Each structure stands twice: as structure tokens, then as C-alpha cells.
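The values are calculated or read from the model by the stated rules, or taken from the named source; none is laboratory data. All values reported here derive from a predicted model rather than from experimental measurement. All Cβ positions, glycine included, derive from the backbone under ideal geometry; neighbour counts span all protein chains shown.
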Amino acid sequence: MAQFPLQIAQTEPASGVLLATLSGAILLGPESECIEALIREGLHAGKRAFVFDLTEVKKIDSTGIGRFISAYNLVLKANAELRLVCQPGLILKSFQVTRLDSVFRIFASLDEALGSINQ
């Protein structure tokens, strides 16, 4: 059992944009599979930009990082866009240590991530 169960809330802050706000832990297990499913469903529904707000995520492991790599590959194939919101701390550090901060578009705030979409 995860100490911090993964929870996801999703909204559409602008046309064609899916915002997923995650909290808890993104770890090995079926719970984190929903990240890729969310991308697939969003692409099928015509979404062109995906923003994952990770500011309330407490823990991420290599499988969690892998879920975002898979999501990124799906988005890339569809010529869509994926953005992450991470504040300084453990989650951002996980992307930096793996050097994935040079692959993903990572923003310090949700306003920054949403503000520059389609610009």
C-alpha cells in the first residue's frame, strides 16, 4: 500500500488543453498506469496540450518517471505538447538527476505553464 495514494483531478482550462492535477505518490503499480491512459483518452478527444501539475506529489520512483516518458512519447507522436509543473524539491530533483529536465518542459508555476500555451 502506498503511504500517499495517487489522486488525479482533471479539468480543461482552455479549449484543447487538459490539466491533470496529481497528488500523492507516483510509484510502481496499476495506479500510475492512468497517466498514459489519460494521454490516450485526451488525444482521442482532440486535446493538443497536456499539463501535469505535480506540486502536490510527495514521492515518485523510476516507474513514475517512466510513465511520464511513455506519456511524452505518445504526445510527441501526435504532435501535441506535454508540460510539467514542479516546484523546487524532491520531484523536480528526480527529473534533474535523470537529466529529463532537458527533455520535458518544466515550469515553476501553473500560471507559467498555462500562460504560454499556443504562443
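For this structure, a couple of remarks:
- Filter result (surrounded by 13 or more Cβ atoms within 10 Å (Cβ to Cβ) and hydroxyl-bearing (Ser, Thr, Tyr)) within region 1-41: Thr21, Ser23, Ser32
- Verdict on Glu12 being part of a strand (DSSP E or B) and over 25 Å from Asn79 (Cα atoms): no
- Within region 62-115, considering residues that are charged (D, E, K, R) and not in a helix (DSSP H, G or I), the one nearest to Ser32 (Cα to Cα): Arg83
- Test: Leu28 is touching a Ser or Thr at 6+ places or on another chain (Cβ under 7 Å), within 26 Å of Leu90 (Cβ to Cβ) and touching a residue at least 60 places away in the same chain (Cβ under 8 Å): no
- For region 28-61, a tally of residues being assigned to a helix (DSSP H, G or I), within 19 Å of Leu100 (Cα to Cα) and either among the basic types (Lys, Arg) or at pLDDT below 95 (or both) returns 1.
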